[in-house]
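The values are calculated or read from the model by the stated rules, or taken from the named source; none is laboratory data. These numbers come from a predicted model, not from an experiment. Cβ atoms come from the backbone with ideal geometry, glycine included; neighbour counts cover every protein chain shown. Note: accessible area is taken over every heavy atom of the protein model, side chains too, but ligands, DNA and RNA are not part of it. Shrake-Rupley method; radii C 1.70, N 1.55, O 1.52, S 1.80 Å.
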Amino acid sequence: DAMVIQNPRYQVTQFGKPVTLSCSQTLNHNVMYWYQQKSSQAPKLLFHYYDKDFNNEADTPDNFQSRRPNTSFCFLDIRSPGLGDAAMYLCATSRAGYMNTEAFFGQGTRLTVV
Amino acid sequence: GQSLEQPSEVTAVEGAIVQINCTYQTSGFYGLSWYQQHDGGAPTFLSYNALDGLEETGRFSSFLSRSDSYGYLLLQELQMKDSASYFCAVSPRGNTDKLIFGTGTRLQVFP
């Protein structure tokens, strides 16, 4: 009964080769997030969606883009991965609203850039 | 903007009590959450304080004082499995759907 599923768990890509990470959810939550987490650091918010409304963090590089074709799925596209983009990428969901108290995370995709 | 600061590392022994602090500078938020993350795993929700005061959930308690811009997570009867990273997090007022994490505290529990 997995609720937030990320594929693949591990992804190796070549420097400069576009890569797409995927996330799906069975919770029917309005909000979906993408975080980047480097070793021994906190998750850093890249984007979030409220339904199809896209919200980009000011310091998210242009190299990162996202798509949410429907409620259940969300994708993170890295157009030209650099060595500095190697990290764990976490997808999360939550219900919308000021009483939003809990985010549910997928197991993450660990991206290696070679 | 939001800034949530935590100590980078805390150590303790099994059976002890440990407090992990979160001090913040933020323009306003609706509540303070705490998440646990084991090495290689995903963050999992522990607790949420909408109001000032103490919230208790089993061995874990969380506290918030908005007047002091301060919160903490209290872990009692520590077990080896509590060794993990702990993050405080907020959803900023005016943008309730964002979730911003603190700097994180790595807790190591020793036998």
Restricting attention to segment B:1-25, and to residues there that are in a strand (DSSP E or B) and among the acidic types (Asp, Glu), which single residue is farthest from the chain's Cα centre (by Cα)? B:GLU9
Is there a residue in segment B:26-34 that is more than 14 Å from chain A (Cβ to nearest Cβ) and either in a loop (DSSP other than H, G, I, E, B) or touching a helix residue (DSSP H, G or I) at 6+ places or on another chain (Cβ under 9 Å) (or both)? yes
Filter pass, B:ASP52 being open to solvent by 60 Å² or more (accessible area, probe 1.4 Å), more than 29 Å from A:MET3 (Cα to Cα) and in contact (Cβ under 8 Å) with a residue 12 or more places away in the chain: yes
Filter segment B:37-54 for residues that are away from chain A (no Cβ under 11 Å) and within 13 Å of the chain's Cα centre (by Cα) and give the result. B:LEU54
Take A:PHE75 and tell me if it is away from chain B (no Cβ under 14 Å) and touching a residue at least 40 places away in the same chain (Cβ under 8 Å). yes
Over segment B:34-61, the set of residues under 13 Å from B:GLN6 (Cβ atoms) and of a type in the set (Ser, Thr, Tyr) is B:TYR35
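Filter segment B:55-64 down to residues that are open to solvent by 10 Å² or more (accessible area, probe 1.4 Å) and of a type outside the set (Lys, Arg), then give me how many there are. Write out each step before concluding.
Kept after step one, since they are open to solvent by 10 Å² or more (accessible area, probe 1.4 Å), are these residues of segment B:55-64: B:55-60, B:63.
In the following step, the residues that additionally are of a type outside the set (Lys, Arg) were identified as B:55-58, B:60, B:63.
The total comes to 6.
Of all strands (runs of 3 or more DSSP E) completely enclosed by segment A:8-114, which ones contain at least 2 residues that are open to solvent by less than 70 Å² (accessible area, probe 1.4 Å)?
In segment A:8-114, the matching strands (runs of 3 or more DSSP E) lie at A:10-13, A:19-25, A:31-37, A:44-50, A:64-67, A:73-78, A:87-94, A:109-113.
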Has segment A:98-105 got any residue that is within 14 Å of chain B (Cβ to nearest Cβ), of a type in the set (Asp, Glu) and either closer than 22 Å to B:VAL90 by Cβ or in contact with a strand residue (DSSP E or B) (Cβ under 8 Å, 6 or more places away or on another chain) (or both)? yes
